[in-house]
Amino acid sequence: MKPSLPIRAAAVLLALLGVAIAPADGNRKNITETLAACAAFTPDGTSVAATIDGMNVSLEITDPGGRVSQLTLPLRYPTTKERIATSSTRALLYRCNVTVNRAGDLASIGIAGVPPWGRLQVAVADLTTLKWAGDWRVDRDDGFSSPALAGFLKGTSTLVVPGEPAANGNNGTSWGVLAVSLIDLNGKQLAPVHTLRYAEDGHVFHRFADASNNRLWVFCCEPISATMAHQPLCPIASLNLTGDQPLASELVPSMQGKKRTDFWFYPDTAAFPQPNMILFGDGTAVWRVNMQTQAIDRFALPHPLLPQFAQLYGAAAMSPDGRIVAVPLVRSRLAFPFLVDNYVEQGTDIAVVQVDPFRLVGILPHEQNPHASPFTVDHRQGRTIVLVYRKKRWERHELKDPPNA
């Protein structure tokens, strides 16, 4: 999660903030359109896939043998058919993410109900009993202006909810500060809210929370009004997400023999294969940074020629074994009369990359879908499975490991 958004995402957010929820039950009947979807794999290869239709969250659990189980739960923040019909951003009325604990017996679903901004529903499914184990919410009454679900803390069943704390009489936001709450499966807060200051007052840095390794990753820079070649370098800081004594480390890119354009700018996608390692995407390159060894590696994805463009943007997915990462590659083209920033999005491909050593496993094309397709990834026995939501259903695509892997 991060406090800053690209220009087009900020425009979407402003549009969403002006829409109010009308909870009349009669207007919520028979909503069948999928408004959000998300999924994850467990360590044994079970897939956990959620879809949201404005009334309910539906969970489809498929074990390695192909047996399918389904769970359904009402949304705490439902919408209406009228809102869906009139919203220009219907595909973004909700956002969700699925996380699985290390034991693979619990799955949590974070559902951000927008509008209004700042409300989160968390549901937990027991994958052993195939029953719901928890369902609760987090909002401004809990001290958050923008809560999110980061997942399970390390090897526990404790859930981590980070977000900017509310300010100014619960109406504003404290930028540069992160509030972190530890919550059990019943929605009970286990300890006082932990507060981390990761930037000076008023500053907005990109950040990513990794609950599974108890780490917070911060890109310590802000854009300035200048060309890419003259933007400031972007050091990376890593510190404990929870705990009284944060373990902090930092990596500062070295300019020796290099240009500013040889480094990253402001990544919009990240994954975490190891406690001291972060993968992130910037432009059409995937970076691997090891904080312990201070090693930096870069892998360039195939990119189109002008007037076509591509950019890594959106949530990444990491296979449970940490060997494969899948990243969204947004494709666009420069439209007539070919003025700067006159871009038209063409769809979002899914680039599948082996982590170490870097190799391209394959690219799943967007197939004329104008919106990004939710996806997750699994890897075992020399093959990669990409689970992607397209055409109102979950599809499985298999890719083989590249030669000499």
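Read the figures in this text as sums done on the coordinates, not as results from a lab. Since the structure is predicted, the reported quantities are computational estimates derived from the model, not experimental observations. Ideal geometry is used to build each Cβ from the backbone, glycine not excepted, and the neighbour counts take in all protein chains shown.
Of all residues in segment 372-405, exactly one satisfies the criterion of being out of contact with any helix residue (DSSP H, G or I) (no Cβ under 9 Å at 6 or more places or on another chain), surrounded by 18 or more Cβ atoms within 10 Å (Cβ to Cβ) and small (Gly, Ala, Ser), namely Ser373. Of the residues making up segment 273-287, just one is in contact with a Ser or Thr (Cβ under 8 Å, 6 or more places away or on another chain) and within 16 Å of Phe309 (Cα to Cα), namely Gly281.
Among residues belonging to segment 214-233 that are part of a loop (DSSP other than H, G, I, E, B) and over 21 Å from the mean Cα position of the chain (by Cα), point out the one that is farthest from Tyr198 (Cα to Cα).
Looking only at segment 214-233, we keep the residues that are part of a loop (DSSP other than H, G, I, E, B), and these are 214, 220-227, 231-233.
Those left that are additionally over 21 Å from the mean Cα position of the chain (by Cα): 223-227, 231-233.
Details: Pro223: 17, Ile224: 19, Ser225: 23, Ala226: 25, Thr227: 26, Gln231: 21, Pro232: 18, Leu233: 17 Å.
Taking the candidates together, the pick is Thr227.
Annotation: of all residues in segment 109-166 being in contact with a Pro (Cβ under 8 Å, 6 or more places away or on another chain) and acidic (Asp, Glu), the one that is farthest from Ile84 (Cα to Cα) is Glu164.
What's the total number of residues in segment 122-140 that are small (Gly, Ala, Ser) and either within 15 Å of Asp63 (Cα to Cα) or in contact with a helix residue (DSSP H, G or I) (Cβ under 9 Å, 6 or more places away or on another chain) (or both)?
Looking only at segment 122-140, we keep the residues that are small (Gly, Ala, Ser), and these are 123, 125, 133-134.
Right, trim to either within 15 Å of Asp63 (Cα to Cα) or in contact with a helix residue (DSSP H, G or I) (Cβ under 9 Å, 6 or more places away or on another chain) (or both) and you get 125.
Qualifying residue count for the region: 1.
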